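The block underneath contains the structure these notes are about, expressed in structure tokens.
Where a number appears in this text, it was derived from the coordinates with a stated rule and is not lab data. Note that the structure is predicted; figures quoted are calculated from it, not measured. When we count neighbours, we look across all protein chains shown, and the Cβ atoms used for this are built from the backbone with ideal geometry, even at glycine.
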Amino acid sequence: MLSFRIMKYDNQNLVTKNRKAYHDFTISEEYEAGIALLGTEVKSIRNGQINLKDSYAKIKNDEVFLVNCHISPYFEAGKSNHEPERERKLLLKKREIRKIKKYIEEKGNTLVPLRVYITAKGLIKIAVGMGQGKKNYDKRTALAEKQSQREIDRIRKDIY
């Protein structure tokens with residue numbers, strides 16, 4: 001049995017988060033969406049076997065799909081296992097989908113998965129954010145600001 005530690009995050013159990021999302025994108029709005037999963041995918045996610053790196057969401061036929069999200073095969077499933085990188089449908093309201101569709105049609109905007117978590121009711125949810133891609137100089141300035149803030153916090157800690 002694999003051991004995996006799930007972190008608490010605002011009354012939810014955080015399974016994984018996309019660390020590069022806030023580095024590569026400016027996130028303007030977040031949505032909570034359900035995911036249409038198979039049984040072996042649910043068991044793999046509960047074991048922490050999901051990777052959001054390089055994944056994104058796209059709209060096809062007025063439905064939102066998660067693309068390039070890797071969920072490792074469940075090790076006890078045998079022949080009835082799932083395909084690791086298949087497109088998975090995200091469950092959103094039609095009003096939200098229309099708003100997202102308008103946003104994505106603008107140049108440089110995309111829908112980025114931010115984190116996967118398990119709710120108090122035991123449902124697996126994904127937080128997706130509407131993001132606009134950052135330029136390299138924006139990334140450098142954000143990194144410099146973060147480092148300078150760390151230095152200020154370190155100095156304050158030493159004083160007190």
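Here are the numbers for the structure shown:
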{"quantity": "Hits in segment 121-139 - residues which are over 22 Å from Glu105 (Cβ atoms) and outside any strand (DSSP E or B)", "calculated": "Lys121, Gly122, Leu123, Asn136, Tyr137, Asp138, Lys139"}
{"quantity": "Qualifying positions in segment 72-81 - surrounded by fewer than 19 Cβ atoms within 10 Å (Cβ to Cβ) and either free of Cβ contacts under 8 Å to residues at least 60 places away in the same chain or under 15 Å from Val15 (Cβ atoms) (or both)", "calculated": "Ser72, Pro73, Glu76, Ala77, Gly78, Lys79, Ser80, Asn81"}
{"quantity": "Those residues of segment 85-135 which are touching a residue at least 40 places away in the same chain (Cβ under 8 Å) and β-branched (Val, Ile, Thr), in sequence order", "calculated": "Ile100, Ile104, Thr110, Val112, Val116, Ile118, Thr119, Ile124, Ile126, Val128"}
{"quantity": "Residue within segment 53-62 that is small (Gly, Ala, Ser), buried (at least 17 other Cβ atoms within 10 Å of the Cβ), closer than 30 Å to Leu143 by Cα and in contact with a Pro (Cβ under 6 Å, 6 or more places away or on another chain) present", "calculated": "yes"}
{"quantity": "Extreme residue, surrounded by the fewest Cβ atoms within 10 Å (Cβ to Cβ), among residues of segment 17-52 that are part of a loop (DSSP other than H, G, I, E, B) and polar (S, T, N, Q)", "calculated": "Asn47"}
{"quantity": "Residue check, Val128 touching a Pro at 6+ places or on another chain (Cβ under 9 Å), among the aliphatic types (A, V, I, L, M) and surrounded by 13 or more Cβ atoms within 10 Å (Cβ to Cβ)", "calculated": "yes"}
{"quantity": "All positions within segment 81-120 that are outside any helix (DSSP H, G or I), acidic (Asp, Glu) and over 25 Å from Gly48 (Cβ atoms)", "calculated": "Glu106"}
